[in-house]
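The values are calculated or read from the model by the stated rules, or taken from the named source; none is laboratory data. Note that the structure is predicted; figures quoted are calculated from it, not measured. Glycine gets a Cβ as well: all are built from the backbone with ideal geometry, and neighbour counts include every protein chain shown. Please note that ligands, DNA and RNA were not included when accessible areas were found on the heavy atoms of the full protein model with its side chains. Shrake-Rupley method; radii C 1.70, N 1.55, O 1.52, S 1.80 Å.
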2 protein chains.
Amino acid sequence: MLYIIGLGLGNEKDITVRGLEAVKNCDKIYLESYTSILQCSKEDLETFYLKKIILADRNMSEQGFETILNEAKVKDVAFLVVGDPFSATTHSTIYKEAIDEKVVVEVINNASILTAVGRVGLELYKYGKTTSIPFVDNVANLETPYNVLKENQSIGLHTLFLLDLKPPSEFMTIKEALEILLKIESVKLQEVISADTLVVGCARLGSDNMIKSGKLKEVKEYDFGKAPFCLIIPAKMHFVEEEMVEMWS
Amino acid sequence: MLYIIGLGLGNEKDITVRGLEAVKNCDKIYLESYTSILQCSKEDLETFYLKKIILADRNMSEQGFETILNEAKVKDVAFLVVGDPFSATTHSTIYKEAIDEKVVVEVINNASILTAVGRVGLELYKYGKTTSIPFVDNVANLETPYNVLKENQSIGLHTLFLLDLKPPSEFMTIKEALEILLKIESVKLQEVISADTLVVGCARLGSDNMIKSGKLKEVKEYDFGKAPFCLIIPAKMHFVEEEMVEMWS
């Protein structure tokens with residue numbers, strides 16, 4: 001049997017009771033280690049579970065997932081995912097592959113960055129498409145995050161940007177992300193974003209939560225500390241939303 | 001101190017380890033009982049926590065929240081919420097009130113219906129605005145869910161509809177929701193939805209997960225069993241999304 005288990009966003013204690021019981025019963029435990037990070041180490045998890053954990057990097061989870069599925073046919077295997085299992089597309093693929101191969105699979109949900117941003121105070125219902133800002137060599141070729149922002153704005157929806165990361169050490173900062181967006185603006189000139197745009201920068205949501213709102217030029221200079229980071233550009237706000245966003249300024 | 005604790009979507013075991021530790025240490029425990037339901041009873045929670053729980057209805061949580069805040073100034077109080085604390089606007093208000101009143105507050109995140117829909121296989125990043133279909137006396141006056149669907153479709157985003165509920169016994173069914181949308185279409189005639197539209201009905205996501213995709217006229221007749229329910233109308237899909245949605249037909 002295969003358990004796909006969300007670990008939430010903080011440390012070893014953010015797993016659910018159901019998830020912890022499953023981990024304790026599993027013969028083999030993999031930890032997906034390339035789409036996000038926790039605020040604790042693999043060793044902290046191992047100590048808490050009293051189990052060994054095998055790190056699954058992008059290669060292993062995408063191409064070599066066959067091995068995990070074959071193991072799950074004969075024993076109980078846990079595949080641990082930071083956040084909620086379905087917040088990244090990759091994990092949907094794994095889930096479908098398991099079903100296609102007739103492996104019994106149980107998914108254990110948990111907190112995701114997509115809802116932890118609720119703390120900021122902008123209504124979750126009013127977010128539009130989520131977009132990523134990737135590390136690129138040539139920003140001039142990068143249009144997607146800018147286009148998504150523009151489209152969301154066109155129907156009054158807030159935009160969440162997830163910032164690229166290559167664990168364990170490379171994390172795009174909020175400053176870098178904002179500079180990329182300004183750079184795209186300087187090429188496309190569609191008045192989607194400027195140094196005076198209201199933005200909200202966030203670090204470690206669902207854990208110790210650093211949130212800072214203000215004009216782009218101010219938030220850009222703020223020190224958010226450790227990763228992971230995300231960025232929000234609000235659309236038109238209800239006054240209750242305005243009060244909440246103001247609280248973080 | 002005030003703990004606002006998400007319980008996730010299933011039963012008593014879907015609380016996080018961090019959440020459970022907080023509950024065990026609290027002097028008083030309230031359960032918000034009007035925006036969603038778990039698949040277990042208040043008594044199941046009490047047995048699991050070995051604590052008494054006070055039900056907070058809409059009146060108490062919105063108007064009478066003052067009492068809870070005053071208690072939280074002198075003892076440890078838990079406010080339990082089904083799903084994730086910030087998936088409903090009300091809870092943002094409570095969070096802000098606590099901060100304004102200088103009550104120390106800790107939020108413990110958990111799974112939300114907004115990400116549990118990821119199981120369906122449509123990319124979470126590509127959902128637009130979420131909308132509710134409320135119980136109304138006169139459907140002719142109800143436009144919002146229809147307008148939101150139209151707007152989301154205009155920029156290629158999937159739409160999640162949350163169906164109204166008045167616990168413990170009134171739950172709008174998927175059939176009722178689809179009939180309401182068709183009814184609005186019959187008045188507005190903007191070709192947003194028809195009996196042949198592809199829809200996905202879901203029940204008890206994050207728990208035992210019943211999912212059924214197909215033409216509106218087929219899904220409408222399907223028996224989804226117990227609440228809570230939600231409904232998804234996909235926009236243009238990537239072929240991986242198509243395969244996943246097809247799997248539930």
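Results, tabulated for the structure shown:
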| item | result |
| --- | --- |
| Accessible-area composition of chain B, carbon plus sulfur, in percent [1.4 Å probe] | 50 percent |
| Accessible area, probe 1.4 Å, largest first, for residues B:L50, B:L163 | B:L50, B:L163 |
| Residue pairs, from the table A:K129/A:K212; A:K24/A:K126; A:K166/B:K24, whose Cα atoms sit over 30 Å apart | A:K24/A:K126; A:K166/B:K24 |
| Per residue accessible area of chain B, 1.4 Å probe, in Å² | 41 Å² |
| Most fluctuating residue given options A:V23, A:V187, A:V117, as computed from a GNM of chain A linking Cα atoms under 10 Å | A:V187 |
| Straight-distance crosslink candidates among lysines, where the alpha carbon sits under 19 Å from A:K215 and sequence neighbours closer than 8 are dropped | A:K150, A:K175, A:K183, A:K236 |
| Average Cα contact separation per residue, segment B:1-154, under 8 Å, 6 or more apart, as relative contact order % | 33 percent |
| Teacher prompt: B:T67 distances to equivalent labels in other copies, 7 Å Cα→Cβ, nm | 5.9 |
| Inter-copy separations for A:D208, label at 7 Å along Cα-Cβ, nm, ascending | 4.3 |
| Separation between Cα centres of segment A:40-98 and segment B:63-135, rounded to whole Å | 29 Å |
| Rounded to 10°, Cα long-axis angle of helix B:174-188 versus longest principal axis of chain B | 60 degrees |
| Chains B and A together, accessible area buried on both sides, 1.4 angstrom probe, square angstrom | 4300 Å² |
| Signed unit charges on C-beta, dipole axis of segment B:192-249, positive-most listed residue B:I211, B:S249, B:C230 | B:C230 |
| Lys, Arg +1 and Asp, Glu -1 on Cβ, resulting dipole of chain B about Cα centre, debye, nearest 20 | 140 debye |
| Segment B:13-65, relative contact order in percent, only Cα pairs under 8 angstrom and at least six apart counted | 43 percent |
| Segments A:65-73, A:195-203, A:96-104, B:71-79 sorted - mean Cβ within 10 Å per residue, highest first | A:195-203, B:71-79, A:65-73, A:96-104 |
| For the protein assembly as shown, the fraction of alpha-carbon pairs in successive 20 Å shells from zero, as % | 23, 59, 18, 0 |
| Exercise: per-residue mean of other protein chain Cβ atoms within 10 Å, A:226-232 | 0 |
| Teacher prompt: B:M247 distances to equivalent labels in other copies, 7 Å Cα→Cβ, nm | 3.9 |
| Cβ charges +1 (Lys, Arg) and -1 (Asp, Glu), total dipole of the protein assembly as shown, debye | 160 debye |
